[in-house]
Amino acid sequence: MFKREDYKLTIHDIVFSKWRNLIRHNDWKDFNNRKERVRRYRHEDLPPQRCTGLYELGVGVIGQDQGQNFDPDNNVLGVYVGQCVDVRSRLQDYGRRGGHLPSGLYEDILSEGYSVFYRWAPMGSKWEAAAIEGMLLSKVDYAWNTCSNGERRHLELPKKLGDPEFMSKRKSQVLVPSIRDRDQVVTRIKVEKSNHTFLTSILKIKAEARRDAEAEPALASYLYSTILSHSSLERSISFHLGNKLCSSTLLSTLLYDLFLNTFSSDPSLRNATVADLRAARVRDPACISFSHCLLNYKGFLAIQAHRVSHKLWTQSRKPLALALHSRISDVFAVDIHPAAKIGKGILLDHATGVVVGETAVIGNNVSILHHVTLGGTGKACGDRHPKIGDGCLIGAGATILGNVKIGAGAKVGAGSVVLIDVPCRGTAVGNPARLVGGKEKPTIHDEECPGESMDHTSFISEWSDYII
């Protein structure tokens with residue numbers, strides 16, 4: 001068994017909030033001395049809403065010094081873990097009466113000038129919280145939790161807290177077997193790597209959402225219902241898309257089940273979703289966080305909804321696919337036919353007015369700006385829409401018509417009308433579009449993936465005499 005207080009960091013730190021002060025030793029003393037207007041615990045530091053979750057109690061070794069130099073990784077020792085359906089009320093009980101912990105625990109710590117801290121993590125259900133608590137207690141020995149022999153190790157803490165040598169030698173490595181057994185994690189990664197990627201993504205997004213909820217309490221309820229209350233990224237996206245795309249006749253519960261079943265049954269969709277999230281976060285300087293992309297980027301949301309409609313189309317559920325396509329167009333102003341094939345790592349920047357035809361194909365790591373049309377010529381049948389290679393960059397307002405091929409790593413300038421093939425790493429600009437360097441010997445640029453670099457103006461001197 002690993003002793004929790006011996007480790008500064010654990011693998012589940014990203015799931016939890018920052019350490020917050022629950023009881024300061026001087027408040028406890030002043031309250032017991034009946035000092036006027038003093039509360040025993042810091043009620044203003046409690047979680048902003050009531051929900052099911054997991055929590056840890058810790059002891060702050062810096063006592064009453066809560067200045068800007070406070071470093072929780074170095075100065076708080078985790079000593080207790082628990083779960084309940086209402087974390088806020090449970091912490092209030094700890095603050096008022098010490099909860100179900102023996103009364104001597106608090107006195108031993110607070111009388112020495114140390115303070116009690118907490119951190120918490122919202123969970124989707126009581127069952128989930130209890131399951132993770134059980135996994136933790138099966139691998140980690142918390143000093144204030146009852147051990148298998150029915151005893152607690154609370155008497156060890158004051159000695160360790162007062163031992164400078166112990167504090168200086170606390171292990172800095174991460175305590176890995178804290179949420180799941182290490183063998184289970186390794187097996188899961190080997191069997192299905194996408195699930196591990198999805199798990200990592202939702203932990204990161206939850207950490208961002210929790211930070212935003214603390215900074216902006218007006219959004220706390222919204223962030224909780226959309227992100228924090230969900231145990232997985234597919235559940236969060238399904239809930240958000242269901243609420244975005246529902247109507248009076250297309251219920252959010254129906255859409256939630258549809259999205260969740262589709263994402264859960266197809267690992268490739270989950271991989272693509274994570275790649276799209278990363279594409280927006282890395283390529284768009286206006287994207288401040290993964291949670292911001294998940295909640296507010298309609299290009300990202302339109303792509304995820306399209307992936308589901310495309311899956312329905314391939315399953316011959318065309319009426320439902322077309323109904324979903326219609327709602328996507330109405331809500332996000334993005335019109336992608338359910339039959340269109342789209343790769344992963346796609347960025348629809350701004351997204352408004354993007355139109356993608358039925359037989360169009362878009363490769364991986366492509367960036368497309370607003371008001372781009374991948375359409376037909378109006379008179380051809382069958383395979384009649386553009387094919388966009390991997391890593392392409394298509395500027396705002398570009399129109400590409402007919403069954404033309406845009407080679408891997410090619411660029412299409414803003415406002416261009418493309419009716420001819422563009423070679424790999426070539427650049428097409430103008431109306432009608434011309435190849436930079438000429439049709440016979442087009443200039444080939446050095447960028448392997450303009451869709452990732454987002455450089456719209458390279459080689460501008462070769463095709464434009466415009467001078468600022």
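Quick check: anything in region 238-246 buried (at least 19 other Cβ atoms within 10 Å of the Cβ) and closer than 30 Å to Trp19 by Cβ?
For region 238-246, residues buried (at least 19 other Cβ atoms within 10 Å of the Cβ) and closer than 30 Å to Trp19 by Cβ: present.
Can you tell me how many residues in region 301-326 are β-branched (Val, Ile, Thr) and open to solvent by less than 50 Å² (accessible area, probe 1.4 Å)?
2
Need pairs with beta-carbon distance below 6 Å; first residue over 16 Å from Arg307 (Cβ atoms) and within region 351-368, second of a type in the set (Lys, Arg); sequence gap 6+ or separate chains.
Thr359/Arg384
Take the conditions under 30 Å from Ile227 (Cβ atoms) and not aliphatic (A, V, I, L, M) and apply them to Gly113. Does it pass?
It is false that Gly113 is under 30 Å from Ile227 (Cβ atoms) and not aliphatic (A, V, I, L, M).
If Asp284 meets every condition in (1) in contact with a helix residue (DSSP H, G or I) (Cβ under 7 Å, 6 or more places away or on another chain); (2) open to solvent by less than 50 Å² (accessible area, probe 1.4 Å); (3) more than 25 Å from Pro338 (Cβ to Cβ) apart from one, which number is that one?
Of (1) in contact with a helix residue (DSSP H, G or I) (Cβ under 7 Å, 6 or more places away or on another chain); (2) open to solvent by less than 50 Å² (accessible area, probe 1.4 Å); (3) more than 25 Å from Pro338 (Cβ to Cβ), only one is false for Asp284: (1).
Which residues, taken from region 352-391, are polar (S, T, N, Q) and open to solvent by less than 30 Å² (accessible area, probe 1.4 Å)?
Answer for region 352-391, where residues must be polar (S, T, N, Q) and open to solvent by less than 30 Å² (accessible area, probe 1.4 Å): just Ser367.
Within the group Arg40, Arg97, which residue is assigned by the TED database to the domain that holds Glu133, in contact with a helix residue (DSSP H, G or I) (Cβ under 9 Å, 6 or more places away or on another chain), surrounded by 15 or more Cβ atoms within 10 Å (Cβ to Cβ) and at pLDDT below 80?
So the residue among Arg40, Arg97 that is assigned by the TED database to the domain that holds Glu133, in contact with a helix residue (DSSP H, G or I) (Cβ under 9 Å, 6 or more places away or on another chain), surrounded by 15 or more Cβ atoms within 10 Å (Cβ to Cβ) and at pLDDT below 80 is Arg40.
Tally time: how many residues in region 43-83 are at pLDDT 70 or above and within 21 Å of Thr10 (Cα to Cα)?
Here the count works out to 18.
A quick yes/no check of all residues on (1) modelled with pLDDT of 80 or more; (2) in the same structural domain as Arg50 (by the TED database); (3) in a strand (DSSP E or B):
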| site | (1), (2), (3) |
| --- | --- |
| Leu101 | no, yes, no |
| Tyr106 | no, yes, no |
| Tyr118 | yes, yes, yes |
| Gly124 | no, yes, no |
| Leu136 | yes, yes, no |
| Glu165 | no, yes, no |
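Can you pull out the residues in region 6-25 that are within 15 Å of Val59 (Cα to Cα) and assigned to a loop (DSSP other than H, G, I, E, B)?
Lys18, Trp19, Arg24 - these are the residues of region 6-25 that are within 15 Å of Val59 (Cα to Cα) and assigned to a loop (DSSP other than H, G, I, E, B).
Give me the residue from region 392-410 that is open to solvent by 10 Å² or more (accessible area, probe 1.4 Å) and not hydrophobic (A, V, I, L, M, F, W, C) and, out of that set, nearest to Gly382 (Cα to Cα).
Checked region 392-410; the qualifying residue nearest to Gly382 (Cα to Cα) is Asn403.
Which one of these does Cys381 not meet: (1) under 21 Å from Asp284 (Cα atoms); (2) assigned to a loop (DSSP other than H, G, I, E, B)?
(1)
Can we say Glu448 is under 30 Å from Thr273 (Cβ atoms), open to solvent by 10 Å² or more (accessible area, probe 1.4 Å) and in a helix (DSSP H, G or I)?
So Glu448 does not fit the description; no.
Could you list, in sequence order, all residues of region 451-468 that are at pLDDT 80 or above, in a loop (DSSP other than H, G, I, E, B) and surrounded by 13 or more Cβ atoms within 10 Å (Cβ to Cβ)?
Correct list: Met454, His456.
Just give me the residues in region 132-147 being more than 13 Å from Gly53 (Cβ to Cβ) and open to solvent by 30 Å² or more (accessible area, probe 1.4 Å), in sequence order.
Within region 132-147, Gly134, Met135, Leu137, Ser138, Lys139, Thr146, Cys147 meet the criteria.
The values are calculated or read from the model by the stated rules, or taken from the named source; none is laboratory data. From a predicted model like this one, the values you see are computed outputs, not experimental measurements. Quick reminder, even Gly has a Cβ in these numbers, built from the backbone with ideal geometry, and neighbours come from all protein chains shown. Heads up: the accessible areas ignore ligands, DNA and RNA and are worked out on the full protein's heavy atoms, side chains in. Shrake-Rupley method; radii C 1.70, N 1.55, O 1.52, S 1.80 Å.
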